[in-house]
Amino acid sequence: MLKFTSCLMLVAALSTTSAYARTKVIYGADNRVDVADSVNFQFQDYAQSTAAMIEKSKLVKKEDRLTLSTGTLQEEFNVCTTERFYDQPAAAYCSGFLVAPDLLVTAGHCVIPAAMGGDQCERFSWVFDYRSDVLDLENMDDSKIYNCAEVLHHELDSEKRSDFALIRLDRPVSDRPFLNFRKEGKVETGSELVVIGHPSGLPTKISDGATVQDNSSEQFFTSDLDTYGGNSGSAVINVSTGEVEGILVRGATDYVRTQEGCIVSNRCSSISPFGCGGEGVSRITLVDILSHLQTNPEK
């Protein structure tokens, strides 16, 4: 927890420039579920607003079909076959979520502006409904694939520990809702949270059963959310209010190696300063969303 590292293997495999993308971990029971398996219909609705950040080179045209070229979690990460979701595809680099028809929020280390040397806005697409119950790798629906048109607001500061980005998509998204978000104030310590995104690049996962822990920083709060690399940029939602409280950006180590040579999820019984220090969540109130909404009154 004392230094920033790349999202384990996912970042290395995709050759990103981020030094701020800290990996994540499982706290207690693994609360991740596929969207279709969630018993909370409200969470399923939130998942509609979630997008996977996928490298354009993985989206391959074959005759009259658009395919997604990717390996499974086991193939991409060398996870053991005892790992949950080991046989699911692992294509997503980061996660993001809609806050207006053409405005999407993600982590700052996921989309670094060209002026700062990044190329993620140009190199990656944003794919909605990248979820196990509807995903067809051999016939992707290009109407659900969007591109980054511009980065509107970006912060990535290791001293302040700020990490977020607001991007404009190449066209409005008209077939799904966008998420409500906190506009002022601070979430209460102990509030119940749910996170929705793409752990280790997997199809959309919903993970609840977590709460706000350390709430002292003005830039971020920590929680015991079950998240991994690939969850960076995920919406962290207050279960009681339905509002986004923040953006998942960092955490403890994802995986540990076994004697067999494959890797398994790192597990912590709780948050502690000498072990797993919690998952970092940038506060949504710091993202300049409202001024960009005001320049587009129809939103």
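Readers should treat all values here as calculations from the given coordinates under stated rules, not as data from a laboratory. Because the structure is a prediction, the values reported are computed rather than measured. Please note: Cβ atoms are built from the backbone with ideal geometry, for glycine as well, and neighbour counts cover all protein chains shown.
At-a-glance table
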{"quantity": "The stretch 80-141-the stretch 164-208 distance, computed between alpha-carbon centres (Å)", "calculated": "13 Å"}
{"quantity": "Volume of the Cα convex hull of the stretch 52-125, divided per residue and given in Å³", "calculated": "138 Å³"}
{"quantity": "The chain, helix-only ellipticity at 222 nm - DSSP H runs n ≥ 4, -39,500 (n - 2.57), divided by all residues, nearest 500", "calculated": "-1500 deg cm²/dmol"}
{"quantity": "GluC sites (Glu not before Pro) restricted to the stretch 200-280 and DSSP loop, no more than 16 other C-beta within 10 Å", "calculated": "Glu218, Glu243, Glu260"}
{"quantity": "Candidates per GluC sites (Glu not before Pro) in the stretch 80-155, loop by DSSP, up to 16 other Cβ within 10 Å", "calculated": "Glu138"}
{"quantity": "Residue among Val212, Val111, Val244 with the largest mean-square fluctuation in a Gaussian network model of the chain, springs linking Cα atoms under 10 Å", "calculated": "Val212"}
{"quantity": "Lysine pairs in the chain with Cα atoms under 21 Å, if 8 or more residues apart or on separate chains", "calculated": "14"}
{"quantity": "Added length on full extension, which subtracts the Cα-Cα distance from 0.36 nm per residue, Ser57 to Leu293", "calculated": "81.8 nm"}
{"quantity": "Inter-probe distance in nm under a simple model that places probes 7 Å from Cα toward Cβ, at Arg161 and Asn40", "calculated": "2.5 nm"}
{"quantity": "Of Gln42, Gln219, Gln120, the one that fluctuates the most in a GNM where the chain has Cα springs shorter than 10 Å", "calculated": "Gln42"}
{"quantity": "Along each principal axis, Cα extent of the chain, largest first, Å", "calculated": "49, 49, 41"}
{"quantity": "Loop chymotrypsin sites (Phe, Trp or Tyr not before Pro), the stretch 104-199, which have at most 11 other Cβ atoms in a 10 Å radius of their Cβ (DSSP)", "calculated": "none"}
